[in-house]
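The values are calculated or read from the model by the stated rules, or taken from the named source; none is laboratory data. Everything numeric in this text was worked out from a predicted model, so none of it was measured. We place every Cβ from the backbone using ideal geometry, glycine too, and count neighbours over all the protein chains shown. These area figures cover heavy atoms from the full protein model, side chains too; ligands, DNA and RNA do not enter into them. Shrake-Rupley method; radii C 1.70, N 1.55, O 1.52, S 1.80 Å.
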Amino acid sequence: MPKSSFAHVDTWVFDLDNTLYPPSVRLFDQIEVRMTRYVMTALDVEEAEADRLRDTYWHQHGTTLAGLMREHDLDPMPYLNDVHDICFDALEPDPALASRIRALPGRKIVYTNGSAPYAARVTEARGLSGLFDAIYGVEHAGFHPKPERKAFDMVFAQDGLEPTRAAMFEDEARNLAEPHAMGVRTVHVAPERQDLDHVHHHTDDLSGFLARLL
């Protein structure tokens, strides 16, 4: 992985869940439980059906929320506030990761399909507060989710970043397809490698990967 591949980068875009903390923490498990319960209440369905819809909407619409909004005209903010009302005790500060993000040249931003307030709580629990120039949630994309091009267009325009001078770190490989098409240098952060045309680099260790860039 040549450092020269990132020599042009002046904006570093980080996904949040399972990217700025390891999947082994299983923080998102709590969110999935709350999502299922919310769907049960909002649509008056049993748990098995709520689980099925949650998964179906994720595959068809990018996020469960997008499916609920499009199929059932669900109000997004009460949903986001509810499903992100979780315990963050499983997260621990990562001083090495913090040091390496701080050392990156240029702007550093977080862009998540979750909400910005939730992202702020996660970064605080990881000891990463104050390192990012901006935090963008799905609300900043008009509730359009990654992997949709419109979501990236809206967030990147708000930030003023130039895609051809940006790098993006993301655990969901499908969310890198549109950034790749826009000229972003893409890094898939996940335990297992996927050989995909829209993924430039893969790592199972974000902190170690950043160390090799510095």
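Please verify whether Gly106 is farther than 18 Å from Asp29 by Cβ, modelled with pLDDT of 95 or more and of a type outside the set (Asp, Glu), treating the condition exactly as stated. Spelling it out, Gly106 is indeed farther than 18 Å from Asp29 by Cβ, modelled with pLDDT of 95 or more and of a type outside the set (Asp, Glu).
Mind telling me which of the residues Arg54, Arg70, Arg26 ends up being farther than 21 Å from Ala116 by Cβ and in contact (Cβ under 8 Å) with a residue 60 or more places away in the chain?
Numbers: Arg54 fails: in contact (Cβ under 8 Å) with a residue 60 or more places away in the chain; Arg70 fails: in contact (Cβ under 8 Å) with a residue 60 or more places away in the chain.
Matching residue, one of Arg54, Arg70, Arg26: Arg26.
Screening the candidates Trp58, Trp12 for the property of being aromatic (Phe, Trp, Tyr) and open to solvent by 20 Å² or more (accessible area, probe 1.4 Å) yields one hit, Trp58.
Taken over the stretch 203-214, the criterion of being open to solvent by 40 Å² or more (accessible area, probe 1.4 Å) and free of Cβ contacts under 8 Å to residues at least 40 places away in the same chain is satisfied by Asp204, Asp205. Could you check, for the stretch 192-200, whether at least one of its residues is closer than 24 Å to Leu65 by Cα and either out of contact with any Lys or Arg (no Cβ under 9 Å at 6 or more places or on another chain) or surrounded by 14 or more Cβ atoms within 10 Å (Cβ to Cβ) (or both)? Within the stretch 192-200, none of the residues are closer than 24 Å to Leu65 by Cα and either out of contact with any Lys or Arg (no Cβ under 9 Å at 6 or more places or on another chain) or surrounded by 14 or more Cβ atoms within 10 Å (Cβ to Cβ) (or both). With respect to the conditions (1) out of contact with any helix residue (DSSP H, G or I) (no Cβ under 9 Å at 6 or more places or on another chain); (2) within 21 Å of Glu139 (Cβ to Cβ); (3) not polar (S, T, N, Q), Ala48 falls short on a single one, namely (2). Considering (1) buried (at least 17 other Cβ atoms within 10 Å of the Cβ); (2) within 20 Å of the chain's Cα centre (by Cα), the lone condition that Val39 does not fulfil carries the number (2).
Identify all residues within the stretch 57-67 that are touching a residue at least 24 places away in the same chain (Cβ under 8 Å) and either assigned to a helix (DSSP H, G or I) or not β-branched (Val, Ile, Thr) (or both); write none if there are none. Walk me through it before giving the result.
Let us first name the residues in the stretch 57-67 that are touching a residue at least 24 places away in the same chain (Cβ under 8 Å), namely 61-66.
Of everything in the stretch 57-67, those that are touching a residue at least 24 places away in the same chain (Cβ under 8 Å) and either assigned to a helix (DSSP H, G or I) or not β-branched (Val, Ile, Thr) (or both) turn out to be His61, Gly62, Thr64, Leu65, Ala66.
Among the residues making up the stretch 166-202, those that are farther than 16 Å from Ile109 by Cβ and in contact (Cβ under 8 Å) with a residue 40 or more places away in the chain are Asp171, Glu172, Ala190, Pro191, His200, His201.
Within the stretch 46-55, if we keep just the residues that are open to solvent by 60 Å² or more (accessible area, probe 1.4 Å) and farther than 29 Å from Arg126 by Cβ, the residue that is nearest to the chain's Cα centre (by Cα) turns out to be Arg52.
Residues in the stretch 96-117 that are in contact with a Leu (Cβ under 8 Å, 6 or more places away or on another chain) and either more than 25 Å from Asp85 (Cβ to Cβ) or without any contact (Cβ under 8 Å) to a residue 40 or more places away in the chain (or both): 10 in all.
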